[in-house]
Structures are given as structure tokens and as C-alpha cells.
1. What spacing in nm lies between the two simple spin-label points modelled at H365 and S172, each 7 Å away from Cα in the Cβ direction?
2. Could you work out how much longer the chain between Q56 and L210 gets when fully extended? Use 0.36 nm per residue separation minus the Cα distance between them, nm to one decimal.
3. Starting from the Cα of R284, step 7 Å along the direction of its Cβ; do the same at A85; then give the gap between the two resulting points in nm.
4. Straight-line reach from K68: which lysines have Cα under 19 Å away, leaving out those fewer than 8 places along the same chain?
5. Find which of V194, P258, V357 sits farthest along the positive direction of the dipole of the chain, computed with +1 on the beta-carbon of Lys and Arg, -1 on that of Asp and Glu, about the Cα centre.
6. Show me the ranking of peptides 129-136, 215-222, 150-157 by mean Cβ neighbours inside 10 Å, starting with the highest.
7. For each pair in K300/K334; K248/K402; K300/K402, compute the distance between the two Cα atoms and list the pairs where it is over 21 Å.
8. How do the peptides 312-318, 379-385, 55-61 rank, highest first, by the average count of neighbouring beta carbon atoms within 10 Å per residue?
Amino acid sequence: MPKRAFWVGLLFVVSITLSCIGWTPSAAAFSEQQKLFLQAWRIVNQAYLDETFNDQNWWFVRQDFLKKQFSNREQTYEAIEGMLASLDDPFTRLLKPEQYRSLQVSTSGELSGVGLQININPETGNLEVVTPLPGSPAEEAGIEPRDRILAIDHTETQDLTLDEAATRMRGSIGSQVTLTIKSQGEDRSSAREVEIVRDRISLNPVYTNLDQQSSNVPIGYIRLTQFSANATKEVSHAVARLEKQGAKGYLLDLRNNPGGLLQAGIEIARLWLDQGTIVYTVTRNGVEGSFDANGSALTKGSLVVLVNQGTASASEILAGALQDNARAQLVGEKTFGKGLIQSLFELPGDSGIAVTVAKYETPNHTDIHESGIIPNLAVPQDPISLDQIGTEADQQYQEAIKLLTADSVVASH
């Protein structure tokens, strides 16, 4: 089915300008700041997934905020943020100019900062580390997956949005930032301050290796850290290289991958699937769309996918598509459980607004939001460092290798 809209999981696919949103004749009575607020209100009014707007009258919300005076842009931003907060949806949020630029950079392939992928734990509301990027200052400082970030430069993170926290950790190369870190299982008194010098962060999302040591069968290992704009190309190149090297099976590692561009997740699924539905999308009107494979799979080699609690959003779309189509078995832990889709709308002044516009379901029509995807083979795993991946300490990896080399492994198709 042809698709005319491009949606995102955690980040954006395409900016949508607002020239198509016309003003009513009474618009001239509003100040420029009020017009900006009204643009944000109208976007949510027309696109937001929950037609009850968190069980509130959205028109009354508009009127209540318009009673306030917006004398400058910062006050307008505060009003928009207050309006969006009433939806109780952390994924629908205002992106101020700096945040908007950072979002664009993070999908383009390079930025400067500490090199942490972060998320807000939906159960606790705490800012947590998904994973440090390979070779980043954060990894060198010993920060590990699931560490909680209590403060950034002594500013408590409890009241920061995800974008605000990310912005505070980014900065010019050579500048310093202090993170207050509490490891998993420790109490607040055990928190430590970690001083990190920012550096240029490479966002190449793919790492590959041909494993010929773990078994007699050459296994192509592909670790995908983010669904950025270049992810599909890099995965395609990785499969081609491993095929030439004689790989007989594949291990796709999506652990601690927080997602990214939805379209990248769909295109990467097409690299493994010849046929079948990849994902269904459902709007607030119940309109259902789908994205399907197009016969462009690069290999028929057996496939196992590694997942854990940090596997989220576009990663879950890919994992769900491969599992439901019986193309791959999943090994590891239950995934994060983010089944909502955001679109990014551009606002005047180089700002933007991310709005939850739809939810997605796996090919078997499973809604995984807040419940996650259950792997075929559950293998608990304590946090390990990057250099322990693929070693004896990596129990999930070892179990996946056993599946790939066992006679009973499900044949791909």
C-alpha cells in the first residue's frame, strides 16, 4: 500500500511546514506570540492520537492559555510547554531552536558531546542511560547501561525533559560537563560525580564482525546502535561484506538501541524480508495503514536477533517484523515497549513540535506499547561493557550462537 506520510519513532523523518494551516479571519486580532501558540495548538488539535486530549476539552485549554500575556518568545514557549504537559505524554513536546538543531544533527551522523544514548524510564520517570556510544568520552569514563543520571552540571534531572537533558550534555569539543551518576541497585548516597570532556562523536550506527571462533559455522555479527539516516546503507554494506566473507548465518544485535527514524526501521526490515507485512499503523480515527516487504532481501541466511530492555521504538518494529514473519528468533530480554509514533512539525523561528500521531502494531497485530516484545528465548543478562560483547560473559550472544549452529534452527524464508 503506498504511503504518503512518514512517521518517526523517537526522532523525525521529515519536517512538515505549516503553510497549509490557514488562519481564520479573526487571526489578525492576535499578537505574533499568540499566533505562534495557536499554530502549536492547531497542530495538536488536528493530529494528536488521543482524540480526548487526555480527557480534557482542548478548546478550553486553548482559551485558558490565551488569557495569559505572551510578551516575548520565551513566555510563548513556556505556554506551549504547559499546554503540551496537560496531555501527559512525554513524547509530545516542544523543540526549541537549539533542541531542534540537535535533533537534526543526531540523525545526520555526527555531533559533539559525551556520547550517551538516554531515555526516561516509563515506570519510574528517571533519566537513565541506554548505552554509551563506542569509543565515546562517556564510555571511557565508565558509565554503563541502566545507570541513572541524577544531575547534569548540578542541575537535577527530575524535572528535565529528554531533549533538555540531551541539550545540556552536548556542547563544544573540549568543554567539560559534570554528571551525577547512580548505578543500578545502589541508593542515592552511593551516587558519584563524573567529569567528562566533550568530544566529537561518530554516529556510524553499525559494527560488524565475522565470528569464526564460537563455532564451526561462520556467523556474521551486526550490531546496530541507532536508526539514523545512514543506517540502512550501512547495514546493507555490512551484509554484503559478510556474505563475501562466507557468513552462513547472521546475528543482529539490537540491544540498547533506542530507535530513531521509523523509515530506517522499515527499510532495514526489507533487507531481511522478501515478503510479508513489516508494521501496521493506526491513527486516532482508526485508519490503518501498513508497510510491507518488497522482495529486496539481501540474504536468506539464518538470523537471530538480540534484544533487551533498551531495545525500543524503531528497534521493536524491526524485531517484531522479523519475529512475526518467522524470519528470525529473538534472544534476550523483553523489550522496552514504545509503540507510539511521532511526527515532527516545523514552527517559525527554527523551533518545532513533536506530536504523537499514531500507534503501531506488529504484523500479528500486537500492540506492544508499555508491554514490550517477548523474545523466543529469554536469557537474563547483567550489564556488560562494550568489550565484553561476544565473549563468554555475554550469555545472550552465546545462546544465540547455539541457536544459529543447532540442527533445529528454523530455516529462513
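The values are calculated or read from the model by the stated rules, or taken from the named source; none is laboratory data. On a predicted model such as this, the values are computed, not experimentally measured, just so you know. Note that we place each Cβ from the backbone using ideal geometry, even for glycine, and neighbour counts take in every protein chain shown. What goes into the accessible areas is simple: the full protein's heavy atoms, side chains included, and nothing from ligands, DNA or RNA. Shrake-Rupley method; radii C 1.70, N 1.55, O 1.52, S 1.80 Å.
1. Calculated label separation equals 5.7 nm.
2. Stretched out fully, the Q56 to L210 stretch lengthens by 49.9 nm.
3. 2.1
4. Reachable lysines: K35.
5. Farthest towards the positive pole: V357.
6. 129-136, 215-222, 150-157
7. Correct reply: K300/K334.
8. 312-318, 379-385, 55-61
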